[in-house]
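Down below is the structure, laid out as C-alpha coordinates.
The values are calculated or read from the model by the stated rules, or taken from the named source; none is laboratory data. It should be emphasised that the depicted structure is a prediction, and the values quoted were computed from it without experimental measurement. When we count neighbours, we look across all protein chains shown, and the Cβ atoms used for this are built from the backbone with ideal geometry, even at glycine.
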Amino acid sequence: MMASEPAARAVAEEVGRWGSMKQTGVSLRYMMEFGSVPTERNLLLSAQFLRKELPIRIARRALELDSLPFGLSAKPAILKVRDWYLDSFRDIRYFPEVRNHEDEVAFTKMIKMIKVRHNNVVPTMALGVQQLKNEQFSSKKLPPGFDEIHGFLDRFYMSRIGIRMLIGQHVALHDPEPEPGVIGLINTKLSPIQVAQIASEDARSICMREYGSAPDINIYGDPNFAFPYVASHLHLMLFELVKNSLRAVQERYMNSDKDVPPVRIIVADGTEDVTIKVSDEGGGIRRSGLPRIFTYLYSTARNPPDIEGPSEGVTMAGYGFGLPVSRLYARYFGGDLQIISMEGYGTDAYLHLSRLGDSEEPLP
Ligand SMILES: Nc1ncnc2c1ncn2[C@@H]1O[C@H](COP(=O)(O)OP(=O)(O)OP(=O)(O)O)[C@@H](O)[C@H]1O
Ligand SMILES: [Mg+2]
(Lines give C-alpha, C1' and ligand atoms only; values in the text may rest on other atoms or scores of the structure.)
(Ligands and ions follow the chains in the order given, each with its own letter.)
Protein backbone atom coordinates (compact mmCIF):
# COMPACT_ATOMS: atom_id res chain seq x y z
CA MET A 1 0.00 0.00 0.00
CA MET A 2 1.20 3.46 -0.89
CA ALA A 3 -0.58 5.29 1.90
CA SER A 4 1.22 6.29 5.06
CA GLU A 5 0.98 4.03 8.10
CA PRO A 6 -1.76 5.83 10.06
CA ALA A 7 -3.86 6.26 6.92
CA ALA A 8 -3.47 2.58 6.15
CA ARG A 9 -4.50 1.73 9.69
CA ALA A 10 -7.56 3.95 9.39
CA VAL A 11 -8.63 2.16 6.20
CA ALA A 12 -8.05 -1.22 7.85
CA GLU A 13 -10.27 -0.16 10.71
CA GLU A 14 -12.99 0.99 8.33
CA VAL A 15 -12.80 -2.27 6.42
CA GLY A 16 -13.14 -4.19 9.68
CA ARG A 17 -16.18 -2.16 10.68
CA TRP A 18 -17.93 -2.38 7.33
CA GLY A 19 -17.01 -6.02 6.87
CA SER A 20 -19.06 -6.96 9.90
CA MET A 21 -22.23 -5.15 8.85
CA LYS A 22 -25.19 -7.07 7.55
CA GLN A 23 -25.48 -7.54 3.79
CA THR A 24 -28.79 -6.99 2.05
CA GLY A 25 -29.81 -9.38 -0.71
CA VAL A 26 -32.03 -8.72 -3.69
CA SER A 27 -33.99 -11.23 -5.74
CA LEU A 28 -34.32 -11.38 -9.51
CA ARG A 29 -37.96 -10.42 -9.17
CA TYR A 30 -37.12 -7.40 -7.03
CA MET A 31 -34.52 -6.17 -9.52
CA MET A 32 -37.04 -6.63 -12.30
CA GLU A 33 -39.84 -4.77 -10.55
CA PHE A 34 -37.64 -1.97 -9.33
CA GLY A 35 -35.93 -1.55 -12.69
CA SER A 36 -39.14 -1.52 -14.70
CA VAL A 37 -39.51 2.18 -13.82
CA PRO A 38 -35.98 3.57 -14.17
CA THR A 39 -36.95 7.12 -13.30
CA GLU A 40 -34.35 9.58 -12.10
CA ARG A 41 -35.73 9.16 -8.61
CA ASN A 42 -35.41 5.37 -8.71
CA LEU A 43 -31.88 5.56 -10.06
CA LEU A 44 -31.04 7.91 -7.23
CA LEU A 45 -32.47 5.46 -4.68
CA SER A 46 -30.56 2.65 -6.33
CA ALA A 47 -27.29 4.59 -6.17
CA GLN A 48 -27.90 5.41 -2.51
CA PHE A 49 -28.50 1.75 -1.77
CA LEU A 50 -25.31 0.73 -3.60
CA ARG A 51 -23.24 3.36 -1.83
CA LYS A 52 -24.12 1.63 1.41
CA GLU A 53 -24.29 -1.99 0.26
CA LEU A 54 -21.20 -2.32 -1.96
CA PRO A 55 -18.66 -1.34 0.73
CA ILE A 56 -20.18 -3.96 3.06
CA ARG A 57 -19.80 -6.71 0.50
CA ILE A 58 -16.38 -5.56 -0.67
CA ALA A 59 -15.01 -5.20 2.86
CA ARG A 60 -16.08 -8.74 3.69
CA ARG A 61 -14.07 -10.12 0.79
CA ALA A 62 -11.04 -7.95 1.63
CA LEU A 63 -11.08 -9.30 5.20
CA GLU A 64 -11.30 -12.86 4.04
CA LEU A 65 -8.52 -12.37 1.50
CA ASP A 66 -6.33 -11.40 4.44
CA SER A 67 -6.87 -14.56 6.46
CA LEU A 68 -6.44 -17.50 4.11
CA PRO A 69 -4.75 -20.74 5.19
CA PHE A 70 -1.41 -22.14 3.93
CA GLY A 71 0.03 -18.65 3.57
CA LEU A 72 -2.13 -18.06 0.53
CA SER A 73 -2.86 -14.49 1.63
CA ALA A 74 0.79 -13.58 1.13
CA LYS A 75 0.98 -14.75 -2.49
CA PRO A 76 1.57 -11.79 -4.83
CA ALA A 77 -1.45 -12.60 -6.98
CA ILE A 78 -3.72 -12.68 -3.94
CA LEU A 79 -2.25 -9.44 -2.62
CA LYS A 80 -2.99 -7.84 -5.96
CA VAL A 81 -6.63 -8.91 -5.76
CA ARG A 82 -6.80 -7.70 -2.16
CA ASP A 83 -5.51 -4.30 -3.25
CA TRP A 84 -8.21 -4.07 -5.93
CA TYR A 85 -10.80 -4.68 -3.23
CA LEU A 86 -9.25 -2.07 -0.92
CA ASP A 87 -9.07 0.49 -3.74
CA SER A 88 -12.71 -0.08 -4.59
CA PHE A 89 -13.70 0.08 -0.94
CA ARG A 90 -11.96 3.45 -0.66
CA ASP A 91 -13.44 4.76 -3.91
CA ILE A 92 -16.96 4.15 -2.68
CA ARG A 93 -16.44 5.13 0.95
CA TYR A 94 -14.84 8.46 -0.01
CA PHE A 95 -17.53 9.23 -2.53
CA PRO A 96 -19.70 12.05 -1.17
CA GLU A 97 -23.36 11.53 -0.50
CA VAL A 98 -25.48 11.02 -3.62
CA ARG A 99 -28.14 13.76 -3.45
CA ASN A 100 -29.16 14.60 -7.00
CA HIS A 101 -29.05 13.49 -10.60
CA GLU A 102 -25.57 14.90 -11.16
CA ASP A 103 -24.14 13.00 -8.19
CA GLU A 104 -25.88 9.90 -9.40
CA VAL A 105 -24.28 10.11 -12.83
CA ALA A 106 -20.83 10.56 -11.29
CA PHE A 107 -21.42 7.68 -8.89
CA THR A 108 -22.50 5.42 -11.74
CA LYS A 109 -19.36 6.27 -13.68
CA MET A 110 -17.26 5.40 -10.64
CA ILE A 111 -18.84 1.98 -10.00
CA LYS A 112 -18.63 1.18 -13.70
CA MET A 113 -14.90 1.73 -13.39
CA ILE A 114 -14.77 -0.51 -10.33
CA LYS A 115 -16.35 -3.30 -12.34
CA VAL A 116 -13.61 -2.96 -14.95
CA ARG A 117 -10.91 -2.95 -12.26
CA HIS A 118 -12.13 -6.35 -11.10
CA ASN A 119 -12.43 -7.93 -14.56
CA ASN A 120 -9.48 -10.27 -14.09
CA VAL A 121 -10.13 -11.36 -10.54
CA VAL A 122 -10.97 -14.97 -11.43
CA PRO A 123 -7.79 -15.85 -13.37
CA THR A 124 -5.64 -13.84 -10.95
CA MET A 125 -7.04 -15.76 -7.98
CA ALA A 126 -6.55 -18.99 -9.90
CA LEU A 127 -2.95 -18.07 -10.46
CA GLY A 128 -2.39 -17.53 -6.73
CA VAL A 129 -4.02 -20.85 -5.83
CA GLN A 130 -2.10 -22.67 -8.54
CA GLN A 131 1.23 -21.26 -7.31
CA LEU A 132 0.41 -22.52 -3.84
CA LYS A 133 -0.64 -25.90 -5.15
CA ASN A 134 2.54 -26.29 -7.17
CA GLU A 135 4.99 -25.35 -4.45
CA GLN A 136 3.37 -26.91 -1.41
CA PHE A 137 1.58 -29.98 -2.63
CA SER A 138 3.62 -31.98 -5.04
CA SER A 139 1.36 -35.02 -5.07
CA LYS A 140 -1.79 -35.02 -7.15
CA LYS A 141 -3.92 -35.57 -4.09
CA LEU A 142 -4.74 -32.36 -2.28
CA PRO A 143 -4.30 -32.25 1.50
CA PRO A 144 -7.37 -32.19 3.78
CA GLY A 145 -7.12 -28.50 4.57
CA PHE A 146 -7.49 -27.63 0.93
CA ASP A 147 -11.27 -27.93 1.34
CA GLU A 148 -11.08 -24.70 3.24
CA ILE A 149 -9.63 -22.97 0.19
CA HIS A 150 -12.32 -24.48 -1.96
CA GLY A 151 -15.02 -23.18 0.37
CA PHE A 152 -13.40 -19.78 0.36
CA LEU A 153 -13.30 -19.64 -3.44
CA ASP A 154 -16.95 -20.65 -3.65
CA ARG A 155 -17.94 -17.84 -1.28
CA PHE A 156 -15.62 -15.41 -2.96
CA TYR A 157 -16.82 -16.03 -6.51
CA MET A 158 -20.45 -16.15 -5.43
CA SER A 159 -20.07 -12.78 -3.78
CA ARG A 160 -18.38 -11.47 -6.92
CA ILE A 161 -21.33 -12.56 -9.05
CA GLY A 162 -23.63 -10.62 -6.73
CA ILE A 163 -21.53 -7.46 -6.70
CA ARG A 164 -21.21 -7.49 -10.48
CA MET A 165 -24.91 -8.11 -10.89
CA LEU A 166 -25.76 -5.13 -8.68
CA ILE A 167 -23.33 -2.80 -10.45
CA GLY A 168 -24.18 -4.14 -13.90
CA GLN A 169 -27.91 -3.78 -13.30
CA HIS A 170 -27.60 -0.22 -12.05
CA VAL A 171 -25.38 0.79 -14.99
CA ALA A 172 -27.58 -0.97 -17.55
CA LEU A 173 -30.71 0.79 -16.27
CA HIS A 174 -29.22 3.97 -17.73
CA ASP A 175 -29.63 2.67 -21.27
CA PRO A 176 -31.89 5.28 -22.89
CA GLU A 177 -33.30 2.86 -25.46
CA PRO A 178 -33.45 -0.63 -24.03
CA GLU A 179 -34.61 -3.48 -26.26
CA PRO A 180 -38.23 -4.39 -25.66
CA GLY A 181 -38.63 -6.61 -22.62
CA VAL A 182 -35.16 -5.82 -21.31
CA ILE A 183 -34.79 -4.39 -17.81
CA GLY A 184 -31.16 -3.64 -17.16
CA LEU A 185 -29.34 -6.97 -17.46
CA ILE A 186 -32.55 -8.95 -17.20
CA ASN A 187 -34.37 -10.11 -20.28
CA THR A 188 -37.98 -10.67 -19.23
CA LYS A 189 -38.60 -12.74 -22.35
CA LEU A 190 -35.45 -14.73 -22.73
CA SER A 191 -35.67 -17.70 -25.05
CA PRO A 192 -33.44 -20.49 -23.70
CA ILE A 193 -33.47 -22.15 -27.11
CA GLN A 194 -32.04 -19.03 -28.66
CA VAL A 195 -29.34 -18.71 -26.01
CA ALA A 196 -28.56 -22.42 -26.45
CA GLN A 197 -28.12 -21.86 -30.18
CA ILE A 198 -25.74 -18.96 -29.71
CA ALA A 199 -23.75 -20.70 -26.97
CA SER A 200 -23.52 -23.81 -29.17
CA GLU A 201 -22.22 -21.84 -32.13
CA ASP A 202 -19.64 -20.14 -29.93
CA ALA A 203 -18.47 -23.42 -28.41
CA ARG A 204 -18.37 -25.19 -31.77
CA SER A 205 -16.22 -22.51 -33.34
CA ILE A 206 -13.66 -22.89 -30.55
CA CYS A 207 -13.80 -26.65 -31.00
CA MET A 208 -13.22 -26.17 -34.74
CA ARG A 209 -10.26 -23.96 -34.05
CA GLU A 210 -8.72 -26.40 -31.62
CA TYR A 211 -9.49 -29.76 -33.26
CA GLY A 212 -10.29 -28.90 -36.85
CA SER A 213 -13.80 -30.33 -36.53
CA ALA A 214 -16.73 -30.25 -34.11
CA PRO A 215 -19.60 -32.62 -33.31
CA ASP A 216 -23.11 -31.52 -34.26
CA ILE A 217 -25.45 -30.13 -31.66
CA ASN A 218 -29.19 -30.76 -31.77
CA ILE A 219 -31.48 -28.57 -29.71
CA TYR A 220 -34.97 -29.66 -28.65
CA GLY A 221 -37.75 -27.65 -27.06
CA ASP A 222 -40.36 -25.00 -27.74
CA PRO A 223 -38.65 -22.16 -29.64
CA ASN A 224 -41.37 -19.71 -28.51
CA PHE A 225 -40.93 -20.42 -24.84
CA ALA A 226 -39.40 -17.50 -22.91
CA PHE A 227 -38.86 -16.63 -19.26
CA PRO A 228 -37.13 -13.86 -17.30
CA TYR A 229 -33.40 -14.39 -16.80
CA VAL A 230 -30.04 -12.75 -17.31
CA ALA A 231 -28.94 -13.66 -20.83
CA SER A 232 -25.21 -13.34 -20.12
CA HIS A 233 -25.48 -15.74 -17.15
CA LEU A 234 -27.37 -18.35 -19.15
CA HIS A 235 -24.97 -18.00 -22.04
CA LEU A 236 -21.98 -18.50 -19.76
CA MET A 237 -23.39 -21.67 -18.19
CA LEU A 238 -24.49 -23.27 -21.47
CA PHE A 239 -21.25 -22.32 -23.17
CA GLU A 240 -19.26 -24.10 -20.43
CA LEU A 241 -21.44 -27.22 -20.51
CA VAL A 242 -21.41 -27.45 -24.29
CA LYS A 243 -17.64 -26.99 -24.41
CA ASN A 244 -17.21 -29.88 -21.98
CA SER A 245 -19.50 -32.11 -24.04
CA LEU A 246 -17.90 -31.21 -27.36
CA ARG A 247 -14.48 -31.89 -25.97
CA ALA A 248 -15.49 -35.28 -24.56
CA VAL A 249 -17.14 -36.39 -27.80
CA GLN A 250 -14.35 -34.99 -29.94
CA GLU A 251 -11.62 -36.74 -27.97
CA ARG A 252 -13.51 -40.01 -28.04
CA TYR A 253 -14.24 -40.05 -31.77
CA MET A 254 -11.29 -38.12 -33.14
CA ASN A 255 -9.43 -41.20 -34.33
CA SER A 256 -12.36 -43.43 -35.08
CA ASP A 257 -14.30 -43.99 -38.27
CA LYS A 258 -17.61 -44.38 -36.42
CA ASP A 259 -20.33 -41.77 -36.84
CA VAL A 260 -19.89 -38.98 -34.33
CA PRO A 261 -22.96 -38.81 -32.06
CA PRO A 262 -24.37 -35.30 -31.74
CA VAL A 263 -24.55 -33.43 -28.46
CA ARG A 264 -28.19 -32.94 -27.51
CA ILE A 265 -29.65 -30.01 -25.63
CA ILE A 266 -33.17 -30.38 -24.27
CA VAL A 267 -35.11 -27.46 -22.81
CA ALA A 268 -38.03 -28.23 -20.51
CA ASP A 269 -40.33 -25.62 -19.01
CA GLY A 270 -41.83 -26.70 -15.73
CA THR A 271 -43.86 -24.64 -13.31
CA GLU A 272 -41.05 -24.28 -10.81
CA ASP A 273 -37.93 -24.75 -12.92
CA VAL A 274 -36.73 -24.36 -16.42
CA THR A 275 -34.38 -27.30 -16.87
CA ILE A 276 -31.84 -27.58 -19.62
CA LYS A 277 -30.12 -30.88 -20.19
CA VAL A 278 -26.86 -31.06 -22.10
CA SER A 279 -26.36 -34.65 -23.06
CA ASP A 280 -23.38 -36.25 -24.74
CA GLU A 281 -21.97 -39.63 -25.65
CA GLY A 282 -18.43 -38.63 -24.88
CA GLY A 283 -17.66 -41.60 -22.63
CA GLY A 284 -18.69 -40.12 -19.28
CA ILE A 285 -16.63 -39.53 -16.17
CA ARG A 286 -15.26 -42.19 -13.83
CA ARG A 287 -17.34 -42.41 -10.67
CA SER A 288 -14.25 -41.97 -8.54
CA GLY A 289 -13.49 -38.73 -10.39
CA LEU A 290 -16.96 -37.26 -9.95
CA PRO A 291 -16.41 -35.68 -6.51
CA ARG A 292 -13.58 -33.66 -7.99
CA ILE A 293 -15.21 -32.19 -11.08
CA PHE A 294 -16.70 -29.33 -9.10
CA THR A 295 -13.44 -28.41 -7.44
CA TYR A 296 -11.38 -25.50 -8.66
CA LEU A 297 -8.26 -26.32 -10.58
CA TYR A 298 -9.27 -29.89 -11.28
CA SER A 299 -9.04 -30.52 -14.96
CA THR A 300 -8.09 -33.38 -17.21
CA ALA A 301 -7.05 -30.98 -19.94
CA ARG A 302 -3.66 -31.95 -21.32
CA ASN A 303 -2.34 -28.48 -21.94
CA PRO A 304 -3.62 -26.15 -19.28
CA PRO A 305 -3.45 -22.64 -20.71
CA ASP A 306 -0.70 -20.41 -19.44
CA ILE A 307 -2.68 -18.79 -16.74
CA GLU A 308 -0.07 -16.07 -16.33
CA GLY A 309 -0.02 -15.16 -19.98
CA PRO A 310 -1.77 -12.06 -21.22
CA SER A 311 -3.92 -14.11 -23.59
CA GLU A 312 -7.62 -13.50 -23.19
CA GLY A 313 -8.42 -16.21 -25.70
CA VAL A 314 -10.91 -18.86 -24.67
CA THR A 315 -9.85 -22.47 -24.95
CA MET A 316 -11.85 -25.68 -24.89
CA ALA A 317 -10.69 -26.67 -21.44
CA GLY A 318 -7.93 -26.03 -19.01
CA TYR A 319 -8.59 -24.09 -15.87
CA GLY A 320 -11.00 -26.50 -14.27
CA PHE A 321 -13.27 -23.58 -13.43
CA GLY A 322 -16.05 -24.26 -15.93
CA LEU A 323 -18.26 -26.47 -13.76
CA PRO A 324 -17.82 -24.90 -10.31
CA VAL A 325 -18.30 -21.39 -11.64
CA SER A 326 -21.33 -22.40 -13.74
CA ARG A 327 -22.90 -23.98 -10.68
CA LEU A 328 -22.44 -20.74 -8.75
CA TYR A 329 -24.20 -18.79 -11.50
CA ALA A 330 -27.07 -21.29 -11.42
CA ARG A 331 -27.34 -21.10 -7.64
CA TYR A 332 -27.14 -17.34 -7.59
CA PHE A 333 -30.76 -17.09 -8.76
CA GLY A 334 -31.94 -20.18 -6.89
CA GLY A 335 -31.11 -22.83 -9.48
CA ASP A 336 -28.58 -25.66 -9.51
CA LEU A 337 -26.34 -27.76 -11.72
CA GLN A 338 -26.01 -31.53 -11.58
CA ILE A 339 -23.80 -33.86 -13.53
CA ILE A 340 -24.80 -37.48 -14.08
CA SER A 341 -22.32 -39.73 -15.79
CA MET A 342 -22.44 -43.19 -17.30
CA GLU A 343 -18.86 -44.26 -17.60
CA GLY A 344 -18.23 -45.82 -20.97
CA TYR A 345 -21.15 -44.00 -22.54
CA GLY A 346 -21.68 -40.34 -21.79
CA THR A 347 -22.62 -37.49 -19.51
CA ASP A 348 -25.82 -35.59 -18.79
CA ALA A 349 -25.63 -32.14 -17.27
CA TYR A 350 -28.87 -30.86 -15.75
CA LEU A 351 -29.07 -27.12 -15.43
CA HIS A 352 -32.02 -26.10 -13.26
CA LEU A 353 -33.09 -22.47 -13.36
CA SER A 354 -35.66 -21.20 -10.92
CA ARG A 355 -38.62 -19.73 -12.81
CA LEU A 356 -40.12 -17.63 -10.10
CA GLY A 357 -37.09 -15.50 -9.48
CA ASP A 358 -38.13 -15.05 -5.86
CA SER A 359 -35.19 -16.72 -4.23
CA GLU A 360 -33.06 -14.39 -2.15
CA GLU A 361 -29.50 -13.78 -3.21
CA PRO A 362 -27.03 -16.09 -1.49
CA LEU A 363 -24.87 -13.82 0.66
CA PRO A 364 -21.61 -15.46 1.67
N1 LIG B 1 -19.34 -33.85 -20.53
C2 LIG B 1 -18.22 -34.32 -19.98
N3 LIG B 1 -17.72 -35.54 -20.37
C4 LIG B 1 -16.58 -36.02 -19.81
N5 LIG B 1 -15.87 -35.39 -18.85
C6 LIG B 1 -16.30 -34.21 -18.43
C7 LIG B 1 -17.50 -33.60 -18.95
N8 LIG B 1 -17.69 -32.42 -18.30
C9 LIG B 1 -16.66 -32.29 -17.43
N10 LIG B 1 -15.82 -33.34 -17.49
C11 LIG B 1 -14.60 -33.56 -16.68
O12 LIG B 1 -14.62 -32.64 -15.59
C13 LIG B 1 -13.43 -31.85 -15.59
C14 LIG B 1 -13.75 -30.48 -15.04
O15 LIG B 1 -14.60 -29.76 -15.93
P16 LIG B 1 -14.55 -28.17 -15.92
O17 LIG B 1 -15.44 -27.69 -17.00
O18 LIG B 1 -14.82 -27.70 -14.55
O19 LIG B 1 -13.04 -27.83 -16.24
P20 LIG B 1 -12.26 -27.98 -17.63
O21 LIG B 1 -13.24 -28.24 -18.72
O22 LIG B 1 -11.19 -28.99 -17.46
O23 LIG B 1 -11.59 -26.55 -17.79
P24 LIG B 1 -12.38 -25.16 -18.02
O25 LIG B 1 -12.16 -24.35 -16.78
O26 LIG B 1 -11.72 -24.55 -19.21
O27 LIG B 1 -13.82 -25.48 -18.23
C28 LIG B 1 -12.96 -31.86 -17.02
O29 LIG B 1 -11.57 -31.62 -17.13
C30 LIG B 1 -13.34 -33.27 -17.46
O31 LIG B 1 -12.37 -34.20 -17.03
MG1 LIG C 1 -14.92 -26.98 -19.00
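Exactly one residue among 274, 263 is over 30 Å from residue 168 (Cα atoms) and surrounded by 20 or more Cβ atoms within 10 Å (Cβ to Cβ), and that residue is 263.
Considering each residue of segment 115-135 in turn, at least one proves to be surrounded by fewer than 16 Cβ atoms within 10 Å (Cβ to Cβ) and more than 19 Å from residue 88 (Cβ to Cβ).
Pairs are defined by a Cβ separation below 6 Å, a sequence spacing of at least 6 or placement on different chains, a first member in segment 276-294 that is more than 13 Å from ligand 2 (Cβ to nearest atom) and of a type in the set (Lys, Arg), and a second member that is assigned to a loop (DSSP other than H, G, I, E, B) and modelled with pLDDT of 95 or more; the pairs so defined are 286/343. Checked against (1) surrounded by 15 or more Cβ atoms within 10 Å (Cβ to Cβ); (2) free of Cβ contacts under 8 Å to residues at least 24 places away in the same chain, residue 90 meets all criteria but (2). Within segment 138-162, residues that are in the same structural domain as residue 321 (by TED's automatic domain parsing) reach no partner that is at pLDDT 95 or above with beta carbons closer than 8 Å at six or more positions or on different chains. Being surrounded by 15 or more Cβ atoms within 10 Å (Cβ to Cβ), outside the structural domain of residue 243 (by TED's automatic domain parsing) and not acidic (Asp, Glu): is that true of residue 217 here? So residue 217 does not fit the description; no.
Of the residues making up segment 15-40, those that are buried (at least 16 other Cβ atoms within 10 Å of the Cβ) and assigned to a helix (DSSP H, G or I) number 8. Answer with yes or no whether residue 239 is away from ligand 2 (no atom under 16 Å from the Cβ) and either assigned to a helix (DSSP H, G or I) or of a type in the set (A, V, I, L, M, F, W, C) (or both). For residue 239, the condition - away from ligand 2 (no atom under 16 Å from the Cβ) and either assigned to a helix (DSSP H, G or I) or of a type in the set (A, V, I, L, M, F, W, C) (or both) - is not met. Counting the residues of segment 52-87 that are in contact with a Gly (Cβ under 8 Å, 6 or more places away or on another chain) and in contact (Cβ under 8 Å) with a residue 60 or more places away in the chain gives 5. Residue-level analysis places residue 209 among those that are within 16 Å of ligand 1 (Cβ to nearest atom) and surrounded by fewer than 23 Cβ atoms within 10 Å (Cβ to Cβ).
Looking across segment 322-355, just one residue is surrounded by fewer than 20 Cβ atoms within 10 Å (Cβ to Cβ), of a type in the set (A, V, I, L, M, F, W, C) and in contact with a Gly (Cβ under 8 Å, 6 or more places away or on another chain), and that is 342. For residue 318, indicate whether it is assigned to a loop (DSSP other than H, G, I, E, B) and either more than 16 Å from ligand 2 (Cβ to nearest atom) or modelled with pLDDT of 85 or more (or both). It is false that residue 318 is assigned to a loop (DSSP other than H, G, I, E, B) and either more than 16 Å from ligand 2 (Cβ to nearest atom) or modelled with pLDDT of 85 or more (or both). A Cβ distance below 6 Å, combined with a sequence gap of six or more or placement on separate chains, defines the contacts here; from segment 339-357, residues that are at negative phi and more than 16 Å from ligand 1 (Cβ to nearest atom) reach residues that are aliphatic (A, V, I, L, M) and assigned to a strand (DSSP E or B) in the pairs 353/274; 355/274. Tell me whether segment 197-206 contains one or more residues that are crowded, with 22+ Cβ neighbours inside 10 Å, over 18 Å from the mean Cα position of the chain (by Cα) and not assigned by TED's automatic domain parsing to the domain that holds residue 113. Looking for residues that are crowded, with 22+ Cβ neighbours inside 10 Å, over 18 Å from the mean Cα position of the chain (by Cα) and not assigned by TED's automatic domain parsing to the domain that holds residue 113, one finds at least one in segment 197-206, hence yes.
Restricting the search to segment 242-263, which residues are away from ligand 1 (no atom under 12 Å from the Cβ) and assigned to a helix (DSSP H, G or I)?
Residues of segment 242-263 that are away from ligand 1 (no atom under 12 Å from the Cβ), as a first pass: 253-262.
Once the filter is applied, which keeps residues that are away from ligand 1 (no atom under 12 Å from the Cβ) and assigned to a helix (DSSP H, G or I), segment 242-263 yields only 253.
The set of residues in segment 20-77 that are farther than 18 Å from residue 104 by Cβ, small (Gly, Ala, Ser) and out of contact with any Phe, Trp or Tyr (no Cβ under 9 Å at 6 or more places or on another chain) comprises 20, 25, 36, 67, 71, 73, 74, 77.
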